[in-house]
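Below: the structure, in structure tokens.
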Amino acid sequence: MIKKFLILFFLFCAVIPFPASAELELGGYYKNDIYLLFTRKGKGIAADVNKLKLQIDYQLLENAEIYFSPYYVFLAKTEEIPLLDVTDLDKVTFDRAYVKVAFPFADVTAGRQRVAWGTGYVFNPTDIFNPFALTFAVADEDRPGIDAVRANFPLGPLSRFEAILLTDNEFSSLNKSKKGFKGKTNIGMYDLSLSYVALGDEGFQFGFDTAGELLGLGVRAEAAIINENADEDYSSKAILGWNYTFENGIGIDMEYFYNGEGQRDKSKYDWSGLFAGKIYQLGTDYLFFGLNKLLDEITTVSLSFLWNMNDSGFIVYPAFSRNIFENVDLNLEALIAGGDSGSEYKPSDAEDPSGLLGSNTLYIKFKCSF
Amino acid sequence: MKYKFFIIALISCFLVAAVVMGTQALKLSGIDIIEQVDKNLTFSTAYFEAKMVIYIGDEAREKRMEMYSEGSEKGFAEFTYPARDKGVKYLRLGDQMWMYLPSVEKVIKIAGHMLRQSMMGSDYSYEDALESRKLLEKYNAHLKGEESLTVTQTKGGKEVKESRATYVVGLVAKVKEVTYYKRMLWVDKETFIPLKEELYAKSGKLLKISETETIEKFGDRFYPTKSVLKNLLRKDSRTEFIITKAQFDIKIPAGTFTQRNLTK
């Protein structure tokens, strides 16, 4: 799909004379992330991930823009790491490449784009297009895009209707592609959304989310009912979260996640589904607790704790972030996994022979934006 | 002779009475003063280009932005500099606020006490940015006295110390929805712009001090174009807010104050 899009784009460039007022904006960042992994089996592995990402925004017309975001990742490591999710090493990858046209009645975006649904901070049950795990520990900007056509119809300052069609299948079999609708509005002090996604194979997902204020707390809720296909039973997922900031600037955040697809008995965990990327969590009940504090205008410290309430496995994630120069950020972070053997965050060798899951990791991250 | 003396004494009494009554009539109450302040600081529509310079000890970080405002209910701001913050946008409608983060491509509602958090690392909180209603709608005003205040003013690009005659006005909240329960304002007698402001919590704790360094005249309105805010809960920090371009009572493009504009 992306190749077709690029071919179309270059043909478009060749045929359409760009107006003199066309504006080109170039930005991006270079990231250098140093990882020190201490595997469950006691092995130490060092890795240095370098990522250069360009963000090219070409305003073709007053109401039309083309946006490209190619990136290149180079990884140096002390030994082979079976990185489960990294498929973009040593090559140029486009994680955004789309055309966006603003009509008076709608914004239409076609191409590789990010679709971020939901109000949850750590978990997003309704985010079926770009599902992501451990958002507090993994840079959200690294979330890959999806190939889709999306139209956003504004229905007022705070209301809109959104329609989306994934273009991951050939045109003749688009009925197998995910397609969805979402309506969003604001009532009182609350943002409210309802969504429906047809999953193909007669599967579907109903979703709901809200964010607002209750008794001085920032509150959020999100829920989804899923039926993967006509032969399967329904399952549900939901989050309930709140945040509060004290007068001294300390922020506190909690989020409970119910995962109806998971298991409360760890002996029934679907490890193969996890390794295959079909599911993101094994258990049913999770609790996130986070603290953050701005030490000064350029320094933030935070402590995140994620607890699988079913197997007592947990992740502790302390982080220190400082803007060391105008456009350069330094992050020092650690991911410490704990729990009984066989738990989600401390699997036994039988469940994860690589010994990588349940590793403790130190991160030193530099990011230079331009 | 007797009559002449009596007439002169009578005229003198009238003159003294007239002067005293005239002075009484000219003496402004706290409400009168804050009305003038509100008149200066509120507008139907406005466009600003501004920069925030955040000082942390010897270090400084500059952020630039463009802002649109309509009345006291609507606001839209987009950060244009530096690169790491470029494209961050804020929308304010009444007492609600949303933020768009380009790095995660998501609109986030800033709700509850999250509004107390620092805005873009500055001494300003989201609550400070949200605050736009007229002071008299939220506070009772009492004139505490008059003071000569020595302030640092920026004139012609140079900083000079200057003594200004001010009214000292105390404000106490009359509604619940206020960021600061109590405020003390030193209002310039000439321009009716607060030259200094102390912001207090309900407990009486002094939270922030704001000082105005530059005032410019736009038509018949005075407006502060450079001010400094110190958050006393932080050590060794201050934020300068400098308006580099201001336009009042302009036509704002349709659709500016919408969530659609956040994601454009």
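Read the figures in this text as sums done on the coordinates, not as results from a lab. Bear in mind that the values here come from a model prediction, so they are computed numbers and not experimental data. Using ideal geometry, Cβ is built from the backbone for each residue, glycine included, and neighbour counts are taken over all protein chains shown.
Note on A:PHE289 and B:GLU62: their simple-model spin labels are 4.5 nm apart, each label 7 Å out from Cα toward Cβ.
Only lysines eight or more places from A:LYS367 in sequence, or on another chain, were considered; those with a Cα closer than 17 Å are A:LYS31, A:LYS51, A:LYS53, B:LYS86. Using alpha-carbon pairs under 8 Å, 6+ residues apart, how would you state the relative contact order of the stretch A:262-370 in percent? Computed value for the stretch A:262-370: 20 percent relative contact order.
Computed from the Cβ-Cβ distance with R0 of 56 Å, the FRET efficiency linking B:GLU131 to A:ASN50 stands at 0.80.
The order of the peptides A:326-333, B:28-35 by mean Cβ neighbours within 10 Å, most packed first, is B:28-35, A:326-333. Modelled spin-label separation between A:ASP349 and A:ARG322, with each label point placed 7 Å from Cα along the Cα-to-Cβ direction: 4.2 nm. Dividing the C-alpha radius of gyration of the stretch B:34-248 by 2.2 N^0.38 Å, with N its residue count, gives 1.00. Secondary-structure-derived ellipticity at 222 nm for chain B, considering helices only, amounts to -5500 deg cm²/dmol, per-run term -39500 (n - 2.57) for DSSP H runs with n ≥ 4. When the protein assembly as shown is described by a simple charge dipole with +1 on each Lys and Arg Cβ and -1 on each Asp and Glu Cβ, the residue from A:ALA148, B:PHE192, B:LEU136 located farthest towards its positive end is B:PHE192. Close amide H pairs (under 5 Å, H built 1.01 Å from N) link A:GLY283 with A:GLN263, residues at least 5 positions away or on another chain.
Placing +1 on the Cβ of every Lys and Arg and -1 on the Cβ of every Asp and Glu, with no other charges, gives chain A a dipole of roughly 460 debye about its Cα centre.
Karplus-derived 3J(HN,Hα) values for the stretch B:252-260, using 6.51 cos²θ - 1.76 cosθ + 1.60 with θ = phi - 60°, are 9, x, 4, x, 5, 9, 9, 5, 4 Hz; glycine and proline are entered as x.
Fewest to most neighbouring Cβ within 10 Å: what's the order for B:TYR139, A:TYR244? Mind showing how you got there, number by number?
Details: B:TYR139 25, A:TYR244 18.
Ascending number of Cβ neighbours within 10 Å: A:TYR244, B:TYR139.
For the stretch A:329-370, the Cβ-based charge dipole about the Cα centre amounts to some 280 debye (Lys, Arg positive; Asp, Glu negative; other atoms uncharged).
Defining a contact as two alpha carbons under 8 Å apart and six or more residues distant in sequence, what relative contact order in percent does chain B show?
19 percent
DSSP finds beta bridges in the stretch A:262-370, and of those with both partners inside it, around 95 percent are antiparallel. Treating r as the C-beta distance of A:PHE161 and B:SER163 and R0 as 45 Å, the FRET efficiency rounds to 0.15.
Adding -39500 (n - 2.57) for every DSSP H run of four residues or longer, then dividing by how many residues chain A holds, sets the calculated 222 nm ellipticity at -1500 deg cm²/dmol. Placing unit charges on each Cβ (+1 for Lys and Arg, -1 for Asp and Glu) gives the protein assembly as shown a dipole about its Cα centre, and among B:SER103, A:PHE38, B:ILE31 the Cα reaching farthest toward its positive end belongs to B:ILE31.
Sequentially through the stretch A:105-120, phi angles give Karplus couplings (6.51, -1.76, 1.60; θ = phi - 60°) of 9, 6, 9, 10, 10, 10, x, 7, 8, 9, 10, 10, 9, x, 10, x Hz, Gly and Pro residues having no value and appearing as x. When the convex hull of its Cα atoms is viewed from all sides, the protein assembly as shown shows a mean projected area of 35.9 nm². Each residue, B:THR150 and A:VAL92, gets one label point 7 Å from its Cα in the Cβ direction; the gap between the two is 6.3 nm.
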